[in-house]
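Working notes, beginning with the structure itself.
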Amino acid sequence: MTTTQLDDIPGLFRCETVSRTDATAQLLALTKQLRGRADDDVYTVHQHVDCPPEVLYDYLLDIRSVEEFTYSMRSFRPDGPDGRYVGEDATDPATKIHLRIHGNAEVGTVDYESAFDQGDDLWMVFCGRVLSARRVQNRSGALVSWTIWRHPYYAKNPYPHLSPRRGRVWPGSFWPLFHACDVLELRNMQQILEHRLRVGSAPVGGR
């Protein structure tokens, strides 16, 4: 997959425009502002997007969108017959990210199942829901929420023999910053979709 140009959308939280050092500082600052403790076993993030709910739902189902609204998940390609994709962390390209997206349009659920280094055990599960803001809050647009539970594997790499190199910091150990990161990534999603609808371009990929 190829990430489209997003240069005309200011303020996005992406590795192409925010260095890893600056990103860490932003995440630490935001983590202090969030309710609850950074090591809680579950958290939910949510965002209002001024677009039709079906547009937001379709955007979340498209693998190209993941390369746009996330901080550093890039270069996804199909990986097997069961709907899996494999991409990489652009800040550490040797770290592969495996992802499968499940959706149910009738109830608006979009689940992301993912894992680092291997795709047979997709243990990171992001449980998403898209709702009509008119139905829920009596205003225009769409609402999206993600709920993420803390799996034991965040604390310790279950497959150390698959690590791309010795001494790599296990990405799951950054769990205390995940809540803040997901808040900022949902804001990315909002900015991208609202900008594209405002200028009349296609929601996914800008074309």
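The values are calculated or read from the model by the stated rules, or taken from the named source; none is laboratory data. This one's a predicted model, so the numbers in the text were calculated from it and none came from an experiment. Neighbour counts run over all protein chains shown; Cβ positions are idealised from the backbone, glycine included.
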If I go through the range 195-204 residue by residue, how many of them are part of a helix (DSSP H, G or I) and crowded, with 16+ Cβ neighbours inside 10 Å? 3
Verdict on A94 being modelled with pLDDT under 95 and assigned to a strand (DSSP E or B): yes
Hits in the range 101-118 - residues which are more than 23 Å from A142 (Cβ to Cβ) and either touching a Lys or Arg at 6+ places or on another chain (Cβ under 6 Å) or charged (D, E, K, R) (or both): D117
Restricting the first residue to the range 13-34 and requiring it to be in contact (Cβ under 8 Å) with a residue 60 or more places away in the chain, which pairs with a second residue that is outside any loop (DSSP other than H, G, I, E, B) and of a type in the set (A, V, I, L, M, F, W, C) meet a Cβ separation below 6 Å and a spacing of at least six or different chains? F13/L184; L27/L177; L27/A180; L27/C181; L30/A180; T31/A180
Could you check, for the range 47-70, whether at least one of its residues is modelled with pLDDT under 95 and either closer than 30 Å to A155 by Cβ or of a type in the set (G, A, S) (or both)? no
Just checking, which of L143, L60 is over 30 Å from P160 (Cα atoms) and assigned to a strand (DSSP E or B)? L143
